1. On a full-extension model of 0.36 nm per residue, what is the gain between Tyr487 and Asn70, subtracting their alpha-carbon distance, rounded to one decimal in nm?
2. Please work out how much accessible surface His3 shows to a 1.4 Å probe, ignoring ligands, DNA and RNA, in Å² rounded to 10.
3. Viscosity 1.567 mPa s, temperature 4 °C: give me the Stokes-Einstein translational D for the range 323-472 in µm²/s, with Rh taken as the Kirkwood radius over C-alpha pairs.
4. To test your reading of the geometry: what angle, between 0 and 90 degrees and rounded to tens, separates the Cα axis of helix 214-225 from the longest principal axis of the chain?
5. Using a 1.4 Å probe and ignoring any ligands, DNA or RNA, find the accessible area of Trp52 and quote it in Å² to the nearest 10.
6. So how tilted is helix 472-488 from the main axis of the chain? Cα-based, degrees 0 to 90, rounded to 10.
7. Relative contact order for the chain using alpha-carbon pairs under 8 Å, separation at least 6, rounded to a whole percent?
8. Any idea what the relative contact order of the range 323-472 is, in percent, if you count C-alpha pairs under 8 Å spaced at least 6 apart?
Amino acid sequence: MAHTCIHWFRKGLRLHDNPALVAALRDCKEIYPVFVLDPYSPNNVNIGINRWKFLIGALKDLDCSLRKLNSRLFVVRGKPDEVFPKLFQKWKVTRLTYEYDTEPFSLRRDKEVGRLAEEHGVEIIYKVSHTLYNIDRIIEENNGKAPLTYNRLQTLVSSIGPPKRPIPAPTRDDMKDVKTLCSEKHEENYGISTLEKLYQDPESLTEELFPGGEQEALRRLDQHMARKEWVCGFEKPQTSPNSLSPSTTVLSPYMTFGCLSARTFWWRLTDVYQGKKHSQPPVSLHGQLLWREFFYTAGLGIPNFDKMEGNPVCTQVDWDSNFEYLAAWAEARTGFPFIDAIMTQLRQEGWIHHLARHAVACFLTRGDLWISWEEGQKVFEELLLDGDWSLNAGNWQWLSASTFFHQFFRVYSPIAFGKKTDKNGDYIKKYLPHLKKYPAQYIYEPWKAPRSVQEAAGCIVGKDYPRPIVEHEVISKKNIQRMKAAYAKRSPHSSEESPGKKEKGRKHKAPSVADMLIKKKK
């Protein structure tokens, strides 16, 4: 039987290493590559203009690649459970393919679409390619629970073996017997949205440092892989949070949107490492990909992973509700130049170094402002190009010492931490130009500068730049005691026991989450 197929692009916005797309072409006479744009879905409603811009760039690039295969991208606006039944009927669809997504919202959405597909006699094929491994398999191997330590994850994936090798992108030969029927009104009916149509103001955009799209992702990957010595010597903690240009790869946004396959990245690294001395996980580039896998596994295996309440591995903390503090942090008005420079870079560019994320996350939560990590998570979700649900929730829990990391007494200084790698404050001067005339000895603590120095710099603290909203040395000590009290209330039998500890009795194999939703068809 020759199928009429929809391939549903969601995160996997690429042609390379896209097994679901390849499955769509098997025994296929017509294919409709579809992206469903639902601005009001939980995944989209909170995202900011930089992220929308990146998505539009990725879709344009994808459409360009599909045109080279004599196909096109169909962008359909609405909710998937409303648009797909109409498309099934309109195009007489018999097969729907997509890349498996482990986020709770996505699983609920896919379950409903799967039900509708069955009602319309449409076969569903989904494939794992957004992660290195099948996340369900990792959880099954760990007695049906998500591993809570990186070492445990390493043990589990070592027993499974290396990730699958990526598959090549479809060629014109693969498409020679497959048609995509487009009308003359294709742009009008299925064209890619503009920022204006998404109620975004393009005037508020700054220079686009990280254009979206598969071709840009592969170009950047090639560029980094050519730096063989740098790749082999890469150790994440040794990179700088406040360098004037990124000291890491900045490939994370491209993997978040699926413009770059994690498996492609993994095996390109393997090729570079071959026969050479190189760094090892958790600090190596392979190690960074395994961190991504760790948080994806936690996001799937831990209930209510993006919340404190109802999250069985999260310490319950009596955080303060202080809208003024939260707004000052989000809008770069804390009075601590290092923190405010980071938050300015985040809002302008959509990306900040992982250690910079550590600094501002600690400051918002257990370090200084005592505001819930859930609030910080929302701000990052809006502003980060790589605002990945699982990684965002996991890292905020980690940095607030709520889950995974428990050395709550280790607090990042909003003053000393930045000085380690940027004594002159060049990073601060770049993102907070009103402070650029301050001498290096006062750039991290402008409130300590004599009035004459402030006047000479043309920036008076309390007038042109805010005073610090807290006294770090005092409040951080107080918050350590508050965190200590929260830890004391934790149950000694909580589920945060060693993840490597096996249950007594025989091992129970947990059913796959995906299998519970939709029966996979070959």
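The values are calculated or read from the model by the stated rules, or taken from the named source; none is laboratory data. Keep in mind that what you see is a predicted model, and the values were worked out from it rather than measured. As a convention, Cβ positions derive from the backbone with ideal geometry for all residues, glycine included, and neighbour counts pool all protein chains shown. Note: accessible area is taken over every heavy atom of the protein model, side chains too, but ligands, DNA and RNA are not part of it. Shrake-Rupley method; radii C 1.70, N 1.55, O 1.52, S 1.80 Å.
1. On the way: separation 417, 0.36 × 417 = 150.12 nm, distance 5.98 nm.
Result: 144.1 nm gained on full extension.
2. His3 has an accessible surface of roughly 20 Å² with all protein chains in place.
3. On the way: Rh = 15.6 Å.
Calculated translational D: 83 µm²/s.
4. On a 0 to 90 degree scale, this one is about 60.
5. Trp52 exposes around 10 Å² with every protein chain in place.
6. 50
7. Details: 835 pairs, mean separation 98.5, N = 522.
It rounds to 19 percent for the chain.
8. On the way: 185 pairs, mean separation 39.7, N = 150.
The value is 26 percent.
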